[in-house]
Each structure stands twice: as C-alpha cells, then as structure tokens.
C-alpha cells in the first residue's frame, strides 16, 4: 500500500476508534448516572416509607394508650384500697405522659419537610381543622384525664361528670380520629410504594433502552467492523497463500503446490483405486526463442502457453510450472490412454497457432500413469524419460511411458514426425 493510502487508512481507523470510544464512554456514563439516580430515588422513598411505618406504629400505639387510660380510669373508680388507687394513678400518669409525648412527636412530623405528613393536606386537616381537630381534642382528653386522676377525692365516682366526659370522648371521637390518621398514613405509604414501583419500571425500561442503544450504536458497528476486518484478513491470507503456490510469471501453480497436490492425489488414488496420469511438456527450442526474440518475448510465450493449456484442460486437472519452460499437468480420474488423447490435443493446440510476436512454436510431451505403490519421484522419472524420448524423436510429439518402456502416441507413427518450427538440436 502506498504511504498516502496507508496514512488515509490509519486516519480513518483512528477516527473510528475515537468515535467508538466516545460512544462507549457516553454509554457507561449514562449507565452510571441511571444507576446512581435509581439508587438515590429508591433510598429516599425507602427511608420515607420506613419513617411512615414508624409514625403509623406510633399512631397505632396512641389508640392502645387511650384504651389503657380508659381502663385505668375504670379501675381507679372501682378500687377500694388506697394503695391500689395510688398504683393506678401512677400507671395513669405514665400512660398520659407517653400519650402526650407521642402526640408531640406526631405534630413534629407534620412540620418536617422530609416526612409524608408534611406533603399531606389531609393529615393537616385531621389535626387542625373541623370537624376533626385531633390536636385540640387530644389536648382536651389529656387535660381531662389528668384532672380526673388528680382529683382530691379518695375514690372517684363512676358518676363523676369529669369521668363520664373522659370515657365518652375517648371511646368515641378520639379513637375514631386516630383511626383516620392511621388510614391516611397508610394511604400515603401506598402512594409512595406506587411511585417506587413506577420508578423501578422506568429504571428497568431505561436500562433496556440503554442496552439496546449500546447494541445498536456500539456493539453492532463494532461487530460489523470486526467481521469486515476478519473477511479482509481472510482474503489477504488467501491471496498470500495463492501467491505462495502460484508462479508469478505465468499464473500456473508452482513446484511447492505440485508437491502438495501430488502427495494428496497419490494417497487418494491408493485409497479409492482410481487412475492418476501426468503429462510433462516443455517448449521446443525455447533457448533459441530467447536468443532470437529476447527474454520478454520468451516470457510472453510462456504466458500464452499457460493460457492455452488452462483453457484446454478440465476443472479437476492441475497445471504446474515445473521449472524453466517445463510444465506438468496432473489429471485425476484419468487413465494413460485418456491422458495421451489430452496430450495430443495440447500438442495440436500449441502448434496450430503462432505465439505473440509471430513466433511459431511447438511442445514435446511425455505421458504416464501412476503405477500401484509408485512414489512421486518414480512417477516423475518415468514421465521425464518419456519427455526426453519425445525430444530425441524429433520434438513436437507425444510419447506415452508404460511401466518399464515408452511408446510414441503421435508424431512418429508412419515413419515421419511433424516439422520442427525452429529446427536444431534437442532443447
């Protein structure tokens, strides 16, 4: 790749990496922000609900305390013993003090901006507005109860109007109002739970949307780039592999590929008992062509020869440049007789038309079939001997080698051989 093109490719790759990194960092920041926001909202709502549960528990205890106060008042009115009345008054005093402290705590919660009660007009109305006015009624109940158990009389009478006021007020209105307060706190807590569920749903949807965006904007381009790079790399590897086994001048396979193919084909032939034939040929008097027309013309002749042979052989056949002007055709599934026919076809094809620069040329061919148990070296020795015999017999002919001997397939039958276009000796 030229330096400017390489620089442009590096610049594109750098921009792609920077863009991908920025998108990745942005996605991570969004995930972190969403997680922190969800955590903050969950924690706030959870703390609010916990506080609401505690306040609701205090409201529930207020009801129990009022019932205990009323029961203690009844016991006080029914007690005959002074010591028992003293104990009951002490219990009453503690219960009333606790009731008053809880009420003060509930009022403080109403004024706290972080509480549920602070955002509930309904609760404020229950405590301070008619018809409930729970704050005023609670204070009246506390004052009336203290007046009753602090009475100078040794034993308060059940018919005492003060006792009857405490009993009626506590049993009816005050317990009813406290029940409404508990219901309102529960309603507020349920509302916050609903918000929490919605936030949870929104967070889940947001996470899924973010994951989808990450997949579409980051992972998909990344996977496409990786797949494209892999395809380019595989293509480059295939091209390099092809270059390693291809003759650069002619495009035919080279000697390395020949060794690989022949090893495989001989094993396959032995396994399936199928024939395998080889044809070795070279250009007659090629040195004369180079000396007369120049090496460039000789190279053109080699390329044209390769083109003609490749066009004439089958797709399953292999063409190798064996060395110099020598070529080999490996023909799987082909017996010696069929290979001889193919060799004659190639001979006629080459001799029938001039090469570039008007050069007339011919080839000599040796043909043989792989014998059982024969190695590549032995096979090539026999076909090379057949080619040598074709050269010595006048060139421009085919000689078929059998096990231990060779015979002419063309060019010598009838006592004469086709004319040698270039004349001269073996070469």
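The values are calculated or read from the model by the stated rules, or taken from the named source; none is laboratory data. Not measured: the values here are computed from a predicted model. Backbone-built Cβ (ideal geometry, glycine too); neighbour counts: all protein chains shown.
What are the residues in the stretch 282-303 that are in contact with a strand residue (DSSP E or B) (Cβ under 8 Å, 6 or more places away or on another chain) and surrounded by fewer than 19 Cβ atoms within 10 Å (Cβ to Cβ), if any?
Within the stretch 282-303, 293, 297, 300 qualify.
Within the stretch 333-345, does at least one residue satisfy the condition of being closer than 25 Å to residue 260 by Cα, in the same structural domain as residue 281 (by TED's automatic domain parsing), touching a helix residue (DSSP H, G or I) at 6+ places or on another chain (Cβ under 7 Å) and crowded, with 22+ Cβ neighbours inside 10 Å?
no
Please verify whether the stretch 312-319 includes one or more residues that are more than 20 Å from residue 388 (Cα to Cα) and buried (at least 21 other Cβ atoms within 10 Å of the Cβ).
No, the stretch 312-319 has no match at all.
What's the number of the only condition in (1) at pLDDT 75 or above; (2) more than 23 Å from residue 172 (Cβ to Cβ) that residue 106 fails to meet?
So the condition that residue 106 fails would be (2).
Give the residue that is surrounded by the fewest Cβ atoms within 10 Å (Cβ to Cβ), with candidates limited to residues of the stretch 188-217 that are farther than 22 Å from residue 37 by Cβ and in contact (Cβ under 8 Å) with a residue 12 or more places away in the chain.
Checking each candidate, the answer is 189.
Determine whether the stretch 367-383 contains at least one residue that is farther than 17 Å from residue 270 by Cβ, assigned to a helix (DSSP H, G or I) and touching a strand residue (DSSP E or B) at 6+ places or on another chain (Cβ under 7 Å).
Looking for residues that are farther than 17 Å from residue 270 by Cβ, assigned to a helix (DSSP H, G or I) and touching a strand residue (DSSP E or B) at 6+ places or on another chain (Cβ under 7 Å), one finds at least one in the stretch 367-383, hence yes.
Of the residues that sit in the stretch 346-369 and are more than 21 Å from residue 310 (Cβ to Cβ) and crowded, with 24+ Cβ neighbours inside 10 Å, which one is nearest to the chain's Cα centre (by Cα)?
Restricting to residues being more than 21 Å from residue 310 (Cβ to Cβ) and crowded, with 24+ Cβ neighbours inside 10 Å, the top hit is 369.
For the list (1) surrounded by fewer than 17 Cβ atoms within 10 Å (Cβ to Cβ); (2) assigned to a loop (DSSP other than H, G, I, E, B); (3) in contact (Cβ under 8 Å) with a residue 60 or more places away in the chain, I need the number of the one condition that residue 395 fails.
The number of the failed condition is (1).
Would it be correct to say that residue 26 is at pLDDT below 80, out of contact with any helix residue (DSSP H, G or I) (no Cβ under 6 Å at 6 or more places or on another chain) and farther than 20 Å from residue 188 by Cα?
Here the answer is yes, as residue 26 does meet what is asked.
Using beta carbons and a limit of 7 Å, which pairs, at least six apart or on different chains, have the first residue in the stretch 247-272 and in contact (Cβ under 8 Å) with a residue 24 or more places away in the chain and the second one exposed (fewer than 14 other Cβ atoms within 10 Å of the Cβ)?
So the pair list comes out as 255/323.
Go over the candidates 70, 64, 22, 36 one by one and state the one that is without any contact (Cβ under 8 Å) to a residue 12 or more places away in the chain, closer than 30 Å to residue 84 by Cβ and assigned by TED's automatic domain parsing to the domain that holds residue 213.
Just one listed residue meets the conditions, 64.
Filter the helices (runs of 4 or more DSSP H) completely within the stretch 165-278 down to those with at least 2 residues that are under 21 Å from the mean Cα position of the chain (by Cα).
Fully inside the stretch 165-278 and qualifying: 175-214, 220-244.
Return the total of residues in the stretch 103-122 being assigned to a helix (DSSP H, G or I), touching a helix residue (DSSP H, G or I) at 6+ places or on another chain (Cβ under 6 Å) and over 10 Å from residue 55 (Cβ atoms).
So the count comes out to 2.
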